[in-house]
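Peer 1: Have a look at the structure that comes next, please.
The values are calculated or read from the model by the stated rules, or taken from the named source; none is laboratory data. Small disclaimer: the values here were computed from a predicted structure and weren't measured. In this analysis, Cβ positions are derived from the backbone assuming ideal geometry, glycine residues included, and neighbour counts consider all displayed protein chains.
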Amino acid sequence: MQTEVDDSVKLEAAVDLKGSVFTLPVLQICSGSIDAIESELTERLSAALKFFKHAPVVIDLEKLSGQNLDFSALLKLLARQDLVSVGVRNGSAQQNALAVSAGLAVLKGGPLQNILVQESSESVEKPKAEHRTDKVVEEKKNNKGLSSATKIVTQPVRSGQQIYAKGGDLIVMAPVNPGAEIVADGNIHVYAPMKGRALAGVMGDTKARIFCQSMEAELIAVAGNFRVFEDQIPSDIRAKSVQAYLDGDHLVVAPL
């Protein structure tokens, strides 16, 4: 006996596959020595254990110059550091094959990346002489040529929320709460307390800058070069107006 199926009744899908945007830490590997990697990674993570705990990590092989790497040992090392290995990028054909055999994905790059082993929470650098940009928001508001890619946010950015300005600048006129993340391909301007994470120039724009009216951030990054602050913001910039920019490969965070 056959049972007729009512076409009007549709079963709900068990899964759905969608694209999305995530900020993934990138671990640049510069040595094939697992011991050397462990020693330096342990030191670098000591100032940011809370921020990177259980974080997904992309392994960048560009600076390994075709050297062999024991991926199984590396994955065990990262697991001991509470890091979750996602995949590799910029590897040779042989490196990619070994990575796949170890259970890793091969990534082709992406717009949103922090460099994990790059910058530590050292003392604040003093800025070079340059023009002040305190009134940039008002200037842009009055500029009829303001790029349509510029995104302006007037509501508070909540914990767990991410705001991304693709192809332009991000202007935030409300508080950015702890655990929130603001991201831009260009510059970032925050004209309220900045207590979350700010990442500018995420497509690699080394000229991008971050301007905060009240610096209380957990993390600031420009073109992948970052500094983690957590509860260690120096007194000369804490809750002060600051700017962050790159001087070579060094991220400078200094009072305005």
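Peer 1: Within the set of pairs 6+ apart or on separate chains, which have a first residue in the stretch 141-164 that is within 19 Å of ASP185 (Cα to Cα), a second that is aliphatic (A, V, I, L, M) and at pLDDT below 90, and C-beta atoms under 6 Å apart?
Peer 2: Qualifying pairs under 6 Å: TYR164/VAL21.
Peer 1: Scan the stretch 206-244 for residues that are crowded, with 21+ Cβ neighbours inside 10 Å, without any contact (Cβ under 8 Å) to a residue 40 or more places away in the chain and part of a strand (DSSP E or B) and jot them down.
Peer 2: Residues satisfying the conditions are ILE210, CYS212, MET215, ILE220, VAL222, VAL242.
Peer 1: Across the stretch 23-56, what is the total count of residues that are at pLDDT 85 or above and either more than 22 Å from ARG89 (Cα to Cα) or assigned to a helix (DSSP H, G or I) (or both)?
Peer 2: Summing the residues that are at pLDDT 85 or above and either more than 22 Å from ARG89 (Cα to Cα) or assigned to a helix (DSSP H, G or I) (or both) in the stretch 23-56 gives 9.
Peer 1: Go through the stretch 68-80 and give me each residue that's more than 19 Å from the chain's Cα centre (by Cα) and within 23 Å of LEU45 (Cβ to Cβ).
Peer 2: Here is the first cut: in the stretch 68-80, the ones more than 19 Å from the chain's Cα centre (by Cα) are 68-77, 79-80.
LEU69, ASP70, PHE71, SER72, ALA73, LEU74, LEU75, LYS76, LEU77, ALA79, ARG80 - these are the residues of the stretch 68-80 that are more than 19 Å from the chain's Cα centre (by Cα) and within 23 Å of LEU45 (Cβ to Cβ).
Peer 1: Listed residues LEU116, LEU104; which is under 18 Å from GLN28 (Cβ atoms) and at pLDDT 90 or above? Talk me through it step by step, then tell me what you get.
Peer 2: Working: LEU116 fails: at pLDDT 90 or above.
Step by step, each of LEU116, LEU104 is checked, and only LEU104 is under 18 Å from GLN28 (Cβ atoms) and at pLDDT 90 or above.
Peer 1: Do any residues in the stretch 60-72 that are in the same structural domain as SER92 (by TED's automatic domain parsing) have Cβ atoms under 7 Å from those of residues that are in a loop (DSSP other than H, G, I, E, B) and of a type in the set (Val, Ile, Thr), where the two are at least six apart or on different chains, and which pairs are they?
Peer 2: ASP60/ILE29; LEU61/ILE29; LYS63/ILE29; LEU64/ILE29; LEU69/ILE29
Peer 1: Exactly one condition in (1) in contact (Cβ under 8 Å) with a residue 24 or more places away in the chain; (2) under 20 Å from ALA149 (Cβ atoms); (3) surrounded by 18 or more Cβ atoms within 10 Å (Cβ to Cβ) is false for MET173; which is it?
Peer 2: (3)
Peer 1: Given VAL176, VAL242, which one is within 16 Å of VAL157 (Cβ to Cβ) and in the same structural domain as VAL157 (by TED's automatic domain parsing)? Talk me through it step by step, then tell me what you get.
Peer 2: Working: VAL242 fails: within 16 Å of VAL157 (Cβ to Cβ).
Step by step, each of VAL176, VAL242 is checked, and only VAL176 is within 16 Å of VAL157 (Cβ to Cβ) and in the same structural domain as VAL157 (by TED's automatic domain parsing).
Peer 1: What number of residues within the stretch 152-194 are in a loop (DSSP other than H, G, I, E, B), under 15 Å from GLN213 (Cβ atoms), over 17 Å from the mean Cα position of the chain (by Cα) and not hydroxyl-bearing (Ser, Thr, Tyr)?
Peer 2: Result for the stretch 152-194: 4.
Peer 1: Quick one: what pairs do we get from the stretch 93-113, first residue among the polar types (S, T, N, Q), second at pLDDT 90 or above, C-beta under 8 Å, 6+ apart or different chains?
Peer 2: These pairs meet every condition: GLN95/LEU61; GLN95/LEU69; GLN95/VAL88; ASN96/VAL88; ASN96/VAL106; SER101/PHE71.
Peer 1: A follow-up question, please. Does LYS63 satisfy the condition of being modelled with pLDDT under 75 and part of a helix (DSSP H, G or I)?
Peer 2: no
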